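*Asks:* My questions will all concern the structure given below.
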């Protein structure tokens, strides 16, 4: 079951969902719009290695925007810090963003119960497009969870993305054993 706007508001009041900053105008019928922060990052190396820590370089989006290019993965981040304590957040791109040829994530659209952080975005595009700090970039949809939760993400041993940050976070695949 997807939470309606009223259920999202109730969850915000109870603390089961946290959105900071929260803007009532960003609340949709059954979703909440999130916005692009001024921080982007790109990987330093052209060839990435899943077993190694791939370093990133930070980019700050200027006031007149920044043109992203095809063939490059840009790590972005939401302005909003979120927490979910009894629902599963899904981050989807806004249709207006998709119609510009921008994908906001390659595979990481689902959060876990207990995720408490900003959202790192995996931005890619099909043709050059200028993006701006503060533009609506995605929408969070919350799914109710049935049953008790034993393994909250923020308390899970080995969870890799728990350090709170306002910057994009590179892949931590290298921390896995394989």
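The values are calculated or read from the model by the stated rules, or taken from the named source; none is laboratory data. Predicted model only: the values in this text are computed from it and were never measured. No Cβ is skipped: glycine too gets one built from the backbone with ideal geometry, and neighbour counts run over all protein chains shown.
*Asks:* From the set of residues in the stretch 95-112 that are modelled with pLDDT under 95 and touching a strand residue (DSSP E or B) at 6+ places or on another chain (Cβ under 6 Å), which is nearest to residue 39 (Cα to Cα)?
*Replies:* 105
*Asks:* When you go through 46, 7, 63 one by one, which is the residue that is out of contact with any helix residue (DSSP H, G or I) (no Cβ under 9 Å at 6 or more places or on another chain) and not in a loop (DSSP other than H, G, I, E, B)? Outline the logic, then answer.
*Replies:* Details: 46 fails: not in a loop (DSSP other than H, G, I, E, B); 63 fails: not in a loop (DSSP other than H, G, I, E, B).
After ruling out the rest, the residue left standing is 7.
*Asks:* Of everything in the stretch 136-159, what is under 19 Å from residue 33 (Cα atoms) and surrounded by fewer than 17 Cβ atoms within 10 Å (Cβ to Cβ)? Give them in sequence order.
*Replies:* Of all residues in the stretch 136-159, those under 19 Å from residue 33 (Cα atoms) come to 136-144.
Result: 136, 143, 144.
*Asks:* State whether the residues of the stretch 33-44 include one that is more than 22 Å from residue 133 (Cβ to Cβ), surrounded by 15 or more Cβ atoms within 10 Å (Cβ to Cβ) and modelled with pLDDT of 95 or more.
*Replies:* If we filter the stretch 33-44 for residues that are more than 22 Å from residue 133 (Cβ to Cβ), which is where we start, we get 44.
With surrounded by 15 or more Cβ atoms within 10 Å (Cβ to Cβ) added as a condition, the list becomes none.
Within the stretch 33-44, none of the residues are more than 22 Å from residue 133 (Cβ to Cβ), surrounded by 15 or more Cβ atoms within 10 Å (Cβ to Cβ) and modelled with pLDDT of 95 or more.
*Asks:* Checking the conditions here, which among 113, 162 is surrounded by fewer than 16 Cβ atoms within 10 Å (Cβ to Cβ) and in contact with a helix residue (DSSP H, G or I) (Cβ under 8 Å, 6 or more places away or on another chain)?
*Replies:* Numbers: 113 fails: surrounded by fewer than 16 Cβ atoms within 10 Å (Cβ to Cβ).
Matching residue, one of 113, 162: 162.
*Asks:* Follow-up question, since we're still on this one. Does residue 70 meet the test of being free of Cβ contacts under 8 Å to residues at least 24 places away in the same chain, more than 19 Å from residue 119 (Cα to Cα), over 18 Å from the mean Cα position of the chain (by Cα) and in a loop (DSSP other than H, G, I, E, B)? Spell out the reasoning first.
*Replies:* Values: free of Cβ contacts under 8 Å to residues at least 24 places away in the same chain: no; more than 19 Å from residue 119 (Cα to Cα): yes; over 18 Å from the mean Cα position of the chain (by Cα): yes; in a loop (DSSP other than H, G, I, E, B): yes.
So residue 70 does not fit the description; no.
*Asks:* What are the pairs with Cβ atoms under 7 angstrom where one residue, in the stretch 3-20, is on the phi > 0 side of the Ramachandran plot and surrounded by fewer than 15 Cβ atoms within 10 Å (Cβ to Cβ) and the other, located anywhere, is modelled with pLDDT of 95 or more and not in a strand (DSSP E or B)? Sequence gap at least six, or different chains.
*Replies:* Correct list of pairs: empty, since none qualify.
*Asks:* Also, I was wondering about something else. Only residues in the stretch 51-67 that are in contact (Cβ under 8 Å) with a residue 12 or more places away in the chain and on the phi > 0 side of the Ramachandran plot count as the first member; pair them with residues that are part of a loop (DSSP other than H, G, I, E, B) and surrounded by 11 or more Cβ atoms within 10 Å (Cβ to Cβ), Cβ under 7 angstrom, at least 6 apart or cross-chain, and list the lot.
*Replies:* 65/132
*Asks:* For residue 51, state whether it is closer than 30 Å to residue 151 by Cα, out of contact with any strand residue (DSSP E or B) (no Cβ under 9 Å at 6 or more places or on another chain) and outside any strand (DSSP E or B). First the steps, then the outcome.
*Replies:* Values: closer than 30 Å to residue 151 by Cα: yes; out of contact with any strand residue (DSSP E or B) (no Cβ under 9 Å at 6 or more places or on another chain): yes; outside any strand (DSSP E or B): yes.
So residue 51 passes the test.
*Asks:* From (1) surrounded by fewer than 12 Cβ atoms within 10 Å (Cβ to Cβ); (2) farther than 18 Å from residue 124 by Cβ; (3) out of contact with any helix residue (DSSP H, G or I) (no Cβ under 7 Å at 6 or more places or on another chain), pick out the condition that doesn't hold for residue 51.
*Replies:* Going through the list (1) surrounded by fewer than 12 Cβ atoms within 10 Å (Cβ to Cβ); (2) farther than 18 Å from residue 124 by Cβ; (3) out of contact with any helix residue (DSSP H, G or I) (no Cβ under 7 Å at 6 or more places or on another chain), residue 51 breaks only (3).
*Asks:* Evaluate the following for residue 104: is it touching a residue at least 24 places away in the same chain (Cβ under 8 Å), buried (at least 20 other Cβ atoms within 10 Å of the Cβ) and closer than 25 Å to residue 45 by Cα? Reasoning before the result, please.
*Replies:* Details: touching a residue at least 24 places away in the same chain (Cβ under 8 Å): yes; buried (at least 20 other Cβ atoms within 10 Å of the Cβ): yes; closer than 25 Å to residue 45 by Cα: yes.
Yes: the conditions hold for residue 104.
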